[in-house]
Amino acid sequence: GLNILLTPYDKLYTEDKMLPTGDLREKVKGASRAQVIIVTKCPEELSVETQFEITKKLGVEIKQTVFFTKISYNDKVISKNNSILLTELKHYQILLVTGIAKTKPLTDFLKQQDITFDHLAFKDHHVFSDKDLKEMDHRYEKFDAPKKIILTTEKDYVRAFSNNDQVYYLPIKTAFLKHGDDFDTLIEKYIAKHKA
């Protein structure tokens, strides 16, 4: 009954095409079913004017509410048995291994933290083969720093590396730029109304 539509800031659904030439699984007019539209992966500082322009581009209807969110990164990386503060990673040699579609938000964030890394990038939903793992190990073994780690995304960690003590991941969460309480209230009201 409550339809929530997510669309990335850098590729709004109104600027996309249906599969196979784009990423949409249905026509843009299907967005009219959504009562809530969330623009994801926004820059930290997104002006009210820009938010208004995006809302216009989306052709939002009166019955729809738009929210803007960003990726919020944890202050430490985590492995099976350990954690390291991000501020300490400047002293580590890092092999970043990713199997996601868009690595730019993560790599930009690491660079903003003055964290350097060697990036081994695979396609989205990549199934890591023995050959891939050997390539990872080979690159990692070539590092000559006393402190070194393999870093990956939370998604890839769960899919492929959760049993490897050398692999760490950087937890992420979604944070609202503004009006997060309004979103929570909207969800709570819907649940209360439809409990029966």
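Just so it is clear, none of the values below were taken in a lab; they were calculated from the coordinates. Treat the numbers as computed from the prediction; the structure is a model and nothing was measured. Cβ placement follows ideal geometry from the backbone for every residue including glycine, while neighbour counts extend to all protein chains displayed.
The figures follow:
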item	result
Loop GluC sites (Glu not before Pro), region 87-196 (other Cβ atoms within 10 Å of the site Cβ: 12 or fewer; DSSP)	none
Longest to shortest principal axis, alpha-carbon extents of the chain, angstrom	59, 40, 36
Gaussian network model of the chain, springs between alpha carbon atoms under 10 Å - residue of A175, A31, A101 with greatest fluctuation	A101
Over the chain: helical MRE at 222 nm, DSSP H runs n ≥ 4 each giving -39500 (n - 2.57), nearest 500	-7000 deg cm²/dmol
I172/N3 FRET efficiency (R0 30 Å; Cβ-Cβ; nearest 0.05)	0.80
Assigned charges on the beta-carbon of Lys, Arg, Asp, Glu; the chain dipole about Cα centre (debye)	600
Backbone N under 11 Å from the Y190 label point (7 Å along Cα→Cβ), restricted to region 42-74	65
Net charge over other residues, Cβ less than 11 angstrom from the Cβ of K11 (K, R count +1; D, E count -1)	-1
Region 145-196 - Debye-derived log10 I(q)/I(0), Cα point model, q = 0.13, 0.16, 0.31 Å⁻¹	-0.59, -0.67, -1.12
Restricting region 144-178 to trypsin sites (Lys or Arg not before Pro) in coil, as DSSP defines it, with at most 15 other Cβ within 10 Å	K147, K178
With 5 Å bins from 0: P(r) over region 68-169, alpha-carbon pairs, percent	2, 12, 25, 27, 21, 10, 2, 1, 0
Counted charge near I37, where neighbours are those whose Cβ lies closer than 12 Å (Asp, Glu -1; Lys, Arg +1)	+2
Size-normalised alpha-carbon gyration radius of region 1-114, reference 2.2 N^0.38 Å	1.34
Nonlocal Lys pairs with alpha-carbon distance under 13 Å, region 1-67 (8 or more apart, or different chains)	4
